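The values are calculated or read from the model by the stated rules, or taken from the named source; none is laboratory data. None of these values were measured; they are calculated from a predicted model. Note that each Cβ is placed from the backbone with ideal geometry, even for glycine, and that neighbours are counted across all protein chains shown.
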Amino acid sequence: MDFHRHGSEEDQGSLFGGKTGFSLIEILIALAILAAVSGIVISNLDKIFGGSQEKVAELFVRETVRTPLMSYRMNVGNYPSTDQGLKALLKAPEGVGRRWKGPYIDELPLDPWGHPYEYRCPGERNRDKYDVWSLGPKGTGGEEAIGNW
């Protein structure tokens, strides 16, 4: 059996018959595809990250703030009033005396859009507890508010 190499010595190292690099057309096509994909990703960044910001706000109002408020209630006997607000989790409000065992939270975070979270007790939507909500991306509340209801 006789095995012979086909082709010249120049294309022996190439898998595709002598072609050792990319042509200018191939590079331009690759760059055009990369630019198109980048454009799609960049134009959808607000949708990609906007959804996660709403999830962060929802997690805070429904879960994260619940434990500090329950601890406050167990020690003091009730939730902070609307006037005392969430600040009562950081610093003892007047009139609670030694029952306050806080701080119950390290800091009061802002919502993902840089606005403070709103608090009301007794709540309008959760009448037996409290309402905590973010005013949403535009900071106007209403339909875009994200709350614990």
* To do: Quick one: in the stretch 57-114, of everything that is without any contact (Cβ under 8 Å) to a residue 12 or more places away in the chain, out of contact with any strand residue (DSSP E or B) (no Cβ under 7 Å at 6 or more places or on another chain) and of a type in the set (A, V, I, L, M), which residue is nearest to G147 (Cα to Cα)?
  => L59
* To do: Collect the residues in the stretch 91-130 that are closer than 13 Å to S81 by Cβ and among the acidic types (D, E), keeping them in residue-number order.
  => E94
* Name the one entry in F22, F60 that is at pLDDT 85 or above and either surrounded by 11 or more Cβ atoms within 10 Å (Cβ to Cβ) or under 26 Å from the mean Cα position of the chain (by Cα) (or both). => F60
* Asked: Of all residues in the stretch 116-145 being in a loop (DSSP other than H, G, I, E, B) and charged (D, E, K, R), which is surrounded by the fewest Cβ atoms within 10 Å (Cβ to Cβ)?
  -> D128
* Asked: For the stretch 30-44, does any single residue satisfy the condition of being at pLDDT below 60 and of a type outside the set (D, E)?
  -> no
